Structures are given as structure tokens and as C-alpha cells.
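Where a number appears in this text, it was derived from the coordinates with a stated rule and is not lab data. Here the structure is a predicted model, which means the values were calculated and not measured. No Cβ is skipped: glycine too gets one built from the backbone with ideal geometry, and neighbour counts run over all protein chains shown.
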């Protein structure tokens with residue numbers, strides 16, 4: 001390690017390659033952390049985890065007993081085992097005793113992306129609440145038509161502060177914090193919406209996955225979705241650079257425009273009615289392509305915004321190329337995935353590994369070859385959510401056994417952990 | 001190639017053959033480029049595995065059916081699953097085989113070579129012509145227009161009528177005939193979409209799901225939930241017309257069973273997850 005640092009100092013290795021070598025070394029060797037422990041106050045299964053995006057310091061968790069807790073993952077509250085194990089208790093926790101707390105399970109808890117002064121929780125009691133962190137009071141309340149499965153805010157947004165909410169209702173609603181009202185709804189799904197994610201490359205693009213198996217891309221400035229992912233539209237791996245690309249996808253998808261052209265040829269289809277000229281946004285509702293054979297239970301956009309990983313209740317994971325809308329046919333070996341609850345997946349910082357909760361274990365897959373590189377077994381029951389912190393190269397997972405586990409590399413860190421000051425001498 | 005497959009007996013040797021073929025023949029070119037003629041003359045290793053398994057398909061006396069291979073069987077006999085998926089996609093686009101979605105589970109797919117599928121349709125056509133006098137020209141239109149054009153496992157009603165009307169005027173009775181012949185099945189979720197299906201496969205699918213359950217329960221009843229492969233292969237399943245090698249490959253590929261190497265041979269164990 002010292003030799004590598006000396007090389008970097010002398011200029012023999014470039015800083016970027018040094019950094020990526022260190023981070024990939026740490027993230028490829030994850031085990032149950034032997035120096036860090038999070039003491040979870042929850043009495044129900046942990047449904048959602050998120051570390052804040054600004055500092056990477058506070059972990060927000062939402063659980064099925066309607067409680068929400070915030071942990072500081074960088075400074076421990078106490079030390080055990082002679083300073084070897086850092087215990088992190090909650091900075092504060094909101095449970096059912098709170099006046100304005102949720103009544104049923106909290107299914108999603110996310111930080112306001114700009115700073116940690118606000119956080120948003122969504123629950124099965126049909127409400128989305130916006131909380132002030134310092135005073136732990138509810139600032140805003142949005143009532144949804146059904147159980148809230150997921151809420152998301154765009155990390156890139158500079159001109160809007162919309163919360164996209166996926167509920168068991170077929171419409172995706174956008175709630176505006178600035179005005180306290182709903183800004184608009186996106187319709188097109190034919191069943192509840194289990195996963196909602198904002199794109200990491202554009203502040204206007206939203207990706208939703210529904211219980212009908214469809215994944216739709218919405219530009220919130222326009223009506224209707226502009227792309228529906230179809231699992232039969234495939235491409236073999238990464239797209240080639242523009243000059244050498246050859247279009248191997250021969251057949252055209254049947255869209256509303258296609259039907260209009262065919263009608264013009266004078267043939268009427270057997271049972272169908274003549275299509276009225278529809279708004280192009282509404283035509284997307286006719287598109288019934290499915291991305292999975294069951295419900296879409298989890299989705300994750302990679303950091304560079306180019307690929308989407310989706311998990312379905314048909315126990316398949318699919319990797320999609322967002323720009324071309326094709327299935328890249330990478331096969332991730334999963335025997336079973338949870339089907340009733342949405343799962344939260346994570347990708348490592350350089351998008352090399354994907355962490356997916358598969359029943360009681362969390363499997364780390366190599367994103368492009370689909371091989372299982374690590375199986376992390378530690379939870380006693382099903383794992384619901386995981387979050388990879390790229391600052392510390394650590395993985396936090398939460399499951400039905402009410403625990404939040406920390407997985408980190410077992411190599412000793414260079415900076416010595418702070419030990420308690422045991423004697424009476426002043427330092 | 002055919003002789004070699006007939007003579008060697010054990011499943012493990014078959015898998016070793018598939019692995020050898022993997023090392024000998026490269027996969028058909030760089031998968032990203034458009035397939036050229038010289039690439040499609042070479043065997044990709046998924047293709048070798050498909051041909052070998054097709055040759056091993058058990059003969060069933062009661063039902064006349066052409067051999068098909070399940071996707072999970074391919075996963076268990078070729079190491080890299082992504083490569084299997086991509087090669088299947090290339091072969092499908094080259095019109096060498098067709099993939100059908102089965103209703104025996106969440107993600108079951110059956111792969112059949114195109115010649116076999118067309119033979120199966122011929123058989124069904126002949127049987128229908130003998131039995132009733134209703135016009136079977138729809139089956140001809142189906143073969144000529146729909147199968148060539150539509151490569152996915154499902155088709156929606158509008159497009160089906162449009163493609164069939166290339167042959168003549170389409171009536172509702174025609175679609176009913178196709179469904180009765182077993183070539184199409186309606187989707188449960190969406191009344192306007194149909195799955196392509198293999199005719200006469202019903203009893204075999206029942207045998208498939210019952211055979212899976214029987215084999216799994218056989219292993220689960222044992223004390224340590226495992227058994228040596230050699231004696232396991234010799235057993236016969238009561239409820240399934242398909243042989244045990246078929247079911248073993250399928251269950252290993254779908255992850256319900258796993259194999260371990262021991263000094264005395266391969267052991268098959270129920271995987272817990």
C-alpha cells in the first residue's frame with residue numbers, strides 16, 4: 001500500500017487509476033464488518049435505507065412498525081471491545097408515539113437531495129410526509145390514493161423539487177414541496193407502481209416499474225411516456241461506437257403510428273376498431289410491452305445514467321441500455337427473488353458490481369458478465385433493502401429480521417480507529 | 001457427432017463433451033457485429049448442447065411429439081449463462097429455432113428447432129384434415145406468414161389478423177381453429193395477446209411439472225437431502241413420461257438442485273436459499 005502511494009506521488013500511477021484500484025479492492029472483498037455495528041431501534045422489518053447524498057454521513061431507515069431512524073455512520077456513539085468495535089446508535093428515531101407519525105408501515109424513507117434538513121417518508125397508510133430533521137416535525141402531508149410503495153426525488157434537480165410517488169394506484173403522482181400540492185399525474189401503467197427512480201443523467205426523466213411488468217420512461221415536461229421497455233427487443237451486449245454500429249434488430253415494434261399506416265393501406269384488422277387520431281402522449285398507453293413476466297419489484301439506474309438494472313417477480317434481473325431501450329441479455333443467476341415487496345438494489349460506485357437482495361442473502365453480481373462474485377449471508381430473514389456508500393466502500397443492508405447490517409472490507413484501514421482515553425493524563 | 005452422443009452413457013460425460021466443444025469452437029464471432037455467412041457455418045457451443053440434448057430426448061409412445069429442450073437445461077450444460085442467452089438470441093434471429101413460453105412456472109421456456117416445429121404443425125394439420133372437413137388453410141397461412149415474420153413468443157390479436165390476412169380473409173372461426181389445434185393459447189393477463197404454443201404438448205407439460213415435484217420430493221425425503229448421481233440416474237419416475245436425465249438437467253439449471261464433486265463421484269443435493 002505504501003509503495004502504491006509512493007508511486008502515485010512520483011507520478012508513476014495516475015491518481016484516477018490509483019483511486020479505482022483502491023476502491024475496487026475494498027468493494028470486492030465485503031464481509032460482515034468486524035469493526036462497525038449499527039444498533040437498530042426498529043421493531044419491524046427494515047424496508048428502506050438511504051445514506052444522504054450530500055455528505056454521505058447520515059443513514060435514514062424506514063421500518064414496518066411505522067418508525068424511522070437516522071444514524072451517523074461516520075462517528076460512533078460508543079465503543080466496545082476495548083475500542084475495536086464502533087457502535088452506532090440512532091441520532092433520533094420517530095416511532096408511533098410521535099404525534100404526527102405514520103400509522104402503518106413506512107415503506108420508503110429518502111433524504112431531501114439538496115441537504116439533510118428535510119427528509120420524506122412514504123407509508124402504507126396512504127400518506128407521504130415531509131419532515132424537518134432538526135425539529136422532527138411534519139412540515140407537509142400529501143394524501144395518496146393507495147399504499148405508497150416508493151417515493152423518489154431527483155438528485156440532479158435544480159429547477160424543481162418534485163417527489164415522484166409510486167402507489168398501488170395506476171397513476172404516478174408528482175408532489176411539489178414548494179407549493180404543497182400535486183403538480184401532475186402520469187398515467188399509463190395498468191396496475192400499481194412498485195418502483196420509481198429518477199434518471200441520473202437528466203432532471204426531467206423518471207423511470208417507473210409497475211406490477212403489470214412494464215417499465216416506462218417519462219419526461220415530466222411532456223404528456224405520456226416516451227419509452228416502454230420491451231424484453232423481446234434485445235441487443236447483444238454493449239452498443240458499439242456509432243461508426244461501426246449495425247442494426248441487428250430487424251422487426252419494428254407495433255406502435256400507434258404503425259397501426260395508422262397499416263390502416264391507410266385499405267386493410268381493416270379483424271376485430272379491432274378504427275383508431276382515432278390520438279395525442280402522441282396517449283398512444284403510449286396502448287403499448288403493452290412488458291419488461292418482466294411478473295411485476296417489476298426493483299430498479300436501479302447506474303451512476304453514468306446509461307444502464308438500468310431491473311428486478312422482477314419472475315425472479316429475473318435484466319440489464320437495459322437506456323438509450324436504445326434494449327435488453328442487453330446479461331443473465332444474472334438468481335434462483336428466487338422476493339415477490340410481494342419492492343426491493344432496493346445498489347450498485348457500487350464505478351458500476352462494476354450490483355448488489356441485489358435475494359431472499360435471505362445479498363448477492364453481488366458483476367454487472368456485465370452476470371456472474372455472482374459474492375454472496376453475503378448474515379440476515380436471519382429476507383433482506384429488503386441495501387445501500388452502498390461509495391465514500392466508505394461499505395454496504396448497509398436491512399431485512400425482515402429488524403437488523404441493519406454493515407458489510408465492509410476486512411482489511412485494516414490506514415487511519416487507526418479512535419480509542420477511548422483510558423487514563424487520567426491530559427493529552 | 002450423432003454417434004458420439006449415442007454411445008456415451010453418463011450425464012457427466014455429456015457435460016464434459018459440451019465443455020470440450022466450448023474450448024474447441026469459439027462462439028460465433030463477436031456477438032455485437034451482424035452475423036456474416038461464415039460465422040453461421042460454425043457451431044456455437046450452445047448449438048452443440050442443443051443438438052446433443054435433442055438427440056437424447058426420450059421417446060414417448062403415447063404422444064407424438066418432436067424433441068424440445070428447456071432453457072434451464074441449457075443453463076446447466078453450458079457454463080456461461082449470458083453467452084447462452086445471447087447465442088439463443090442470434091440463433092432465433094437466424095430462424096434456426098423458436099422459443100416458446102410454457103405455463104409450467106414463472107420463467108419456463110421451451111426451445112424447438114424450426115424443422116421440428118414445422119413437422120409438428122404438419123402432423124396437426126393432417127390430423128385435423130382427417131377428422132373434420134373444416135378448412136385448414138389457416139394453418140398454411142399461419143406457417144407461411146406468421147412464423148416467418150414474428151420471432152417473439154407472443155403476438156397480439158391485431159397483428160395476428162393482419163399477418164394472416166396476407167393469405168385471405170380472416171374470420172373468427174379461423175382463430176378458434178388455431179387455438180383448438182394448440183398453436184396459440186390466450187394469455188391470462190391480457191385477452192388480446194396470445195402465446196405461441198407447441199401442439200399436443202399438454203400431457204408432457206403435466207408430466208414435466210409432476211416429474212419435477214417427484215424428483216425434488218425424492219431428494220428431500222432423504223436424511224441429508226442428497227444422493228449420488230450414478231444411482232439417481234437409474235431410477236425411473238412414476239408420474240412423468242420424460243426420463244430422469246431430462247428432469248435433472250432442468251432442475252440443476254433452474255437452481256433447485258446443485259451438484260458437488262466428491263471423491264466418489266458427483267452428488268446431487270437440494271439447494272437451500
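List of remarks:
- Burial ranking of peptide ranges A:135-141, A:36-42 (average Cβ count within 10 Å, highest at the top): A:36-42, A:135-141
- The stretch B:200-268 and the stretch A:134-169 have their alpha-carbon centroids 49 Å apart.
- The fewest-to-most ranking of A:20, B:154 by surrounding Cβ atoms within 10 Å reads A:20, B:154.
- Rough spin-label spacing in nm, given labels placed 7 Å along Cα→Cβ, for residue A:176 and residue A:391: 3.2 nm
- Potential lengthening of the chain between residue A:104 and residue A:1 amounts to 32.1 nm, from the contour at 0.36 nm per residue minus the alpha-carbon distance.
- Residues A:127, A:307, arranged from fewest to most other Cβ atoms within 10 angstrom of their Cβ, appear as A:127, A:307.
- Using the Cβ-Cβ distance between residue A:115 and residue A:333 with R0 set to 41 Å, the FRET efficiency from 1/(1 + (r/R0)^6) comes to roughly 0.50.
- Applying 1/(1 + (r/R0)^6) with R0 = 41 Å to the Cβ-Cβ distance of residue A:97 and residue B:156 gives a FRET efficiency near 0.15.
- R0 of 41 Å, Cβ-Cβ distance residue A:75-residue B:224: FRET efficiency to nearest 0.05: 0.30
- Binned Cα-Cα distances of the stretch A:201-240, short to long, each 10 Å bin given as a whole percent: 26, 43, 30, 2
- Computed from label points 7 Å out along Cα-Cβ, the spacing between residue B:123 and residue B:234 is 3.2 nm.
- The long axis of helix A:15-27 is offset from the longest Cα principal axis of chain A by roughly 80 degrees.
- When the helices of the protein assembly as shown are scored as -39500 (n - 2.57) per DSSP H run of n ≥ 4 and the total is divided over every residue, the value at 222 nm lands at -7000 deg cm²/dmol.
- For the stretch A:9-100, alpha-carbon Rg over 2.2 N^0.38 Å: 1.42
- Here is the tail figure for chain A: Cα pairs spaced more than 40 Å apart come to 21 percent of all pairs.
- Going from the fewest other Cβ atoms within 10 Å to the most, the residues B:246, B:100 appear in the order B:100, B:246.
- Each part gets one Cα centre, and for the stretch A:340-408 versus the stretch A:178-218 those centres are 24 Å apart.
- Label-point separation, residue A:22 to residue A:183 (7 Å along Cα→Cβ), nm: 3.9 nm
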